[in-house]
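Values in this text are rule-based calculations from the coordinates and carry no lab data. What you see is a predicted model; the values in this text were computed from it and never measured. Reconstructed Cβ throughout: ideal geometry from the backbone, glycine too, with neighbour counts over all protein chains shown.
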Amino acid sequence: MSAPPLLEVDHLVMNYVTEKGDVSAVEDVSFTLHQGEALGLVGESGCGKTSIAMSLLRLQAENAVFKSGEIRLNGENLLALPEDEMRRHRWKDIAMVFQGAMNAWNPVYRVGDQIREALDLHFRPRLSDAEATERISRLFEMVGLNPAMANRYPHEFSGGMRQRAVIAMALSCDPSIIIADEPTTALDVIVQDQILQELKKIQRELGMAIIYISHDIAVIAEVTDTIGIMYAGKLVELGPTVEVFARPKHPYAYLLLSSTPSVTGPRRKLAPLEGEPPNLLNPPTGCRFHPRCPFATERCSIEEPPMETIADGHRVACWNWREVPVSIAQEARP
Amino acid sequence: MTEKIDARPGADEPTDLPPPIISPDSVPDSMWRIRWALFRRSFAHNWKLFRANRVGLVGLAIIGFFALLAIAPTVLFATGIWNSAVYDPVVGLEPNPPVKVMTVVNEITDPETQIDFRHVLLDNRIPNNIQVGEQVEIPQQPAPPDRRHWLGTDPLGRDVLSQLMHGARAAFFLGILAAVVTVIIATTVGSISAYFGGALDSFFMRLADLLIMIPFLAILIVIGAIFEFKLWHLAVVIGLLSGFGGVAIVLKSQALAVKVKPFVDAARVAGGSNAHIIFTHIVPNVMPLSFLYMMFTVTSAIQGEAALSFLGLLNVRISWGLMIQLANTQGYLLQGLRYWWLLFPAGLAVTLISAAFFLVGRAMDEVVNPRLRKR
Amino acid sequence: MTRYVVRRLAQMVLLFVVFLTVTWFLLYALPGDIVKQKFAMNPNIPPEARQVAIERLGLDKPVLIQFRDYMINFFQLDFGLSFNQYPRKVSDIIAERLPRTIVLFLTALVSYYYAGFLAGKYLAWRRGKRGEMAVTIGGVGLYTVFYPWFALMAIWLFAAELGWLPISKFLNPDEWRNAPFTANQVFIRLFVTVLAVSIFMALVVLLANRIRDHRPRALAKVGGVALGALLFVWYWWGTAGGALMRPYAGDIAEHLILPVAVLTAVNFAGIMLLTRSSMLETMREDFILTARAKGLSERAVRDKHAARTALLPVTTSLVLAVATVIDGGILTETVFSWPGMGEVLVTSVSNEDIPLALASFSFIGVMALVGHFLVDILYGVLDPRIRVGG
């Protein structure tokens, strides 16, 4: 991990401006991503993980405002780029596998042509028809689809096939980073697993970095090296997947993991996470998790805990992380 | 068992409503009471959504304005402010029209052709024995607005404002009757088609296809030629055409969505008869969309009436279309702004009220269809 | 696709037969129908003449036989003789009027569909910006305006007041006194050349769209359209036949402008409003996000993805709009005294010229059905889910 990081998200703060006031969607989030690394971002819906993903491509909603912070790709701050330069980075450097890939395809164009569109934009010199067809066929084979399907329309694909094709499209311009936002949520469990394994295999082969985003910690655990837990717009814990799984330090991470049943570990009582995520129009003072936190002290409601490095590559934002029980008898499944 | 299941439609209402309370001994009665309570509450909720849309409120205001116009003549005649001999929209006549004083400057009889221009120009109303240099008073009909006739008079000396008001009455009568007929038929046809499916469904849907495809006005013209059309005949025919036509298709697809809801299955399992299920479960859930289509039907009914009157194919006492037809056939429309009081009131009234119902319909659409709402 | 076309065609033919049947029952077979009233039971006609009329009209035959004769006659295009323009054949009148209506109808349909779509597209893209409200209100105004009144206002303004365009009618009779052609010959020639040029241009644009690079594609489009325009100019100005006919064609074209413009203006608003809401809905779709993420420019996202997909619901609405445009056409023809099918329908109904009224109504029905069929095909071409699904 001595090479310079591919992507650095540095104290990013993003608000949504609404009629009722500013919604604090991303609050002081920092992480780095290296070549070939697989990072997972986990959290409840509305915790800001998709907002971060969209910010990386600068496709945030119209009412989003970056208050401070930087997103650096190979040292270049993406947030400062003019729009047309940013466009050149999209897909070429950072591609995305979207949430609900069912609707990621425009129904009126052939799947192959929609991939071709990305190729035509980013390859210089432009690929000839034969080269493009050849490339699309290779991509289809890589994700386990029949290359002839490239001439079909999206409605002729099944859900799993569409998702595979989305992955093929994401790979089409050899991006250095792929963001997979809930890549398998809409699919049935077996297809889910197949696709995740496929994605993992391709990632290893091509050596690209990948950011998985999911509300389901179990899905992510299998395919990531590093995992970040998000709560109410903040990154509360970041560390090696094995480490976070075995010894979560943030109370939220601890409760999240205890509320997830383990298939392979011993039987235990599941601890439900009580309460509702906070309203980000008016987030709680101090630590945003303190109203729901069983370990909260008075300090938590007043002072915001900083991100503290507790071990090599393992950081946590909690005043009382030492109080969190050491083991929850949950084994990581890398 | 039945009672509990019957109460299920309530479960589909917004969750902030408290669960309905029902007494098991009076099922059908309490059903409607619950439904009424739910309706009142969802009405309040929807009204809030509707009010957020300014355009819809503008539409509502315009409709209110025309409603006042429609009521006005009753009040004006009853209180004696208006005298029906003068202000009746059809047989009224202004006895003392404004006059224009003109001096006779030419020989009245053309010496070559021997035509007496007195009669041609002055419409026989001038005494015969006038001479060059004398002054004559020429009655001005149509007359521009004055204190007695706020919107002037038409070529026959009738009050335009009174005609406009009676036209509003005709428009409301026609529009609302047509809309009610449409909604009753379309809701029934849509619900029945969706519920039973099969041959009945195919029949109604093919009929609807046909009615959508054939130009509405062409049908009205032909039917108008066969039967002597009165206003309410027209309303019923328009109601039938749109009720069995496009609206039925839309309501059927809505009814199909309702049909697969669990409470319909539950009612069937509990032994509800077909009629019972259709009328107590499907129809009430199709209703909101029906109201929406009522608005659009009013627009097309008013426009249809005006077009038929304009073509002179309708036997009505007075209507906006008739006012335009009269002004047009007598050549006043092409004279431009000189006769503006014949030009604008009726044409604008038809346009405005159509726009108003259309806008209210669109605003209601946003209430019924959450997808259209601004986020 | 072939299966889709064949199925739609079969449906249309079936619907048309049903339509004719209903019309016939409405006009002939109902008790107290107009034909019996006018002839068989009219006390003003002497009994012998009445008997002759009954026999000639076949009213003494059983209903089903009457129906059969009527259907056979209809498909042999024999609609009898007009009462009012006796002894002209109804089929001749229809043949004369039909092209005039089709031109009015087609020109208006194509131009309002295209203009409305373009306007709606830009309107959606400018959502929330200034001017949007004004355009929307204007659109609603045009959409709900009382059509004949609007048309009369347009005539007053552009013809009577400004004098830019002729007031009404199909041509200026003074100029046609010594014309070496009939009006219909010129008219059809005009129609055919415009149609040929339009098809040529459409083909060029379609083919040009296959070119992948921007510059050559734009060049091919502009060149093709210019070539089409040049061919048109050459025919009417360069050839002897065209030059001879040109002043007359010009006269007809001049009379065509105002009715087409008015019909377009009114119908355009509906398409504009629909395109706008359809675009706004499409823009929330995930594939728009995908397109942006791929690095497409806003313009490419709008034109290639949002607009192309928003076209589908707009085309669906065109299915309903065919009937509305024909309705508008009937009123347009009446207001402008444009001698087409709609005007014939209204005058023949007013004059109780039954054979003509019936035939013109049926042909308006045919027009509507053919229009539907074409729009259905267009929809199939645009939506791969139908085209490929069969």
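Amide H to amide H distances under 5 Å link A:LYS67 with A:VAL13, A:MET14, A:ASN15, where only residues 5 or more positions off or on other chains count and H is placed in the peptide plane.
Residues of the stretch A:36-54 falling in the label zone of A:LEU206, defined by backbone nitrogen less than 11 Å from a point 7 Å along Cα to beta-carbon, are absent. Any idea how far apart B:THR79 and A:GLU198 come out in nm if each label point goes 7 Å out from Cα toward Cβ? Calculated label separation equals 7.9 nm.
Positive-end ranking of B:GLY167, C:VAL13, C:VAL266 along the dipole of the protein assembly as shown, with charges on Cβ about the Cα centre, is headed by C:VAL13. Cβ-to-Cβ counts within 10 Å put A:HIS11, C:HIS372 in ascending order as A:HIS11, C:HIS372, the fewest first.
Shown here for the stretch B:174-238: chymotrypsin sites (Phe, Trp or Tyr not before Pro) in loop regions (DSSP other than H, G, I, E, B) with at most 10 other Cβ atoms within 10 Å, of which there are none. Amide H to amide H, with H built 1.01 Å from N, A:GLU308 comes under 5 Å of A:VAL316, A:ALA317, A:CYS318, counting only residues 5 or more places away or on other chains. Among beta bridges identified by DSSP and lying wholly in the protein assembly as shown, the antiparallel ones come to about 65 percent.
Working from label points 7 Å from Cα in the Cα-to-Cβ sense, the A:ASP22 to B:HIS233 distance is 7.1 nm. With respect to chain A, whose longest principal axis is taken over its alpha-carbon atoms, helix A:189-206 is tilted by about 80°. The label point for B:ALA199 and the one for C:GLU55, both projected 7 Å from the Cα toward the Cβ, are 4.3 nm apart.
For the stretch A:1-90, the list of trypsin sites (Lys or Arg not before Pro) that fall in a loop by DSSP and count at most 13 other C-beta atoms within 10 angstrom reads A:LYS20.
Which FRET efficiency value, to the nearest 0.05, is calculated for A:THR185 and C:LEU157 with the Förster distance at 51 angstrom and r the Cβ-Cβ distance? Efficiency at R0 = 51 Å is approximately 0.30. For chain C, the longest principal axis of the Cα atoms and the long axis of helix C:341-350 meet at an angle of about 40 degrees. In the stretch A:84-127, whose amide N lies under 13 Å from the spot 7 Å out along Cα-to-Cβ of C:ASN209? List them in ranges. What the label zone holds, given the 13 Å backbone N cut-off, is A:108-110. Think of the protein assembly as shown as having a plus end and a minus end, set by charges on the Cβ of Lys, Arg, Asp and Glu; of B:LEU69, A:VAL191, B:LEU57, A:VAL191 sits farthest toward the positive end of this dipole. Reducing the stretch A:162-218 and the stretch A:84-151 to their Cα centroids gives an inter-centroid distance of 15 Å. Charge dipole (Cα centre; +1 on Lys/Arg Cβ, -1 on Asp/Glu Cβ; no other charges) of the stretch C:90-386 amounts to roughly 1780 debye. Compute the acute angle (0 to 90°) between the alpha-carbon long axis of helix C:240-282 and the principal axis of greatest extent of the alpha-carbon atoms of chain C; round to the nearest 10°. Between helix and principal axis, roughly 60 degrees. A Förster radius of 30 Å, combined with the Cβ-Cβ distance separating A:ASP216 from B:VAL368, puts the computed FRET efficiency at roughly 0.30.
Annotation note: trypsin sites (Lys or Arg not before Pro) in the stretch C:106-167 located in DSSP loop regions with a Cβ neighbour count of at most 13 within 10 Å are C:ARG126, C:ARG127, C:LYS129, C:ARG130.
Using 1/(1 + (r/R0)^6) with R0 = 35 angstrom and r between the beta carbons of C:VAL366 and C:ALA229, what's the FRET efficiency to the nearest 0.05?
Details: r = 33 Å, r/R0 = 0.94.
Efficiency, from the Cβ-Cβ distance: 0.60.
Provide the percentage of antiparallel DSSP beta bridges, counting only those with both residues in chain A; round to the nearest 5. Roughly 60 percent of the DSSP beta bridges within chain A come out antiparallel.
Quick one: of A:LYS20/B:LYS48; A:LYS92/A:LYS200; A:LYS201/C:LYS304; A:LYS67/C:LYS121, which pairs are farther than 22 Å apart, Cα to Cα?
Working: A:LYS20/B:LYS48 17 Å; A:LYS92/A:LYS200 20 Å; A:LYS201/C:LYS304 34 Å; A:LYS67/C:LYS121 33 Å.
Beyond 22 Å: A:LYS201/C:LYS304; A:LYS67/C:LYS121.
The string of couplings for the stretch C:6-21 from the Karplus curve (6.51, -1.76, 1.60, θ = phi - 60°) is 4, 5, 4, 4, 4, 4, 5, 4, 4, 4, 5, 4, 4, 4, 4, 4 Hz, one whole number per residue in order, with x for Gly and Pro.
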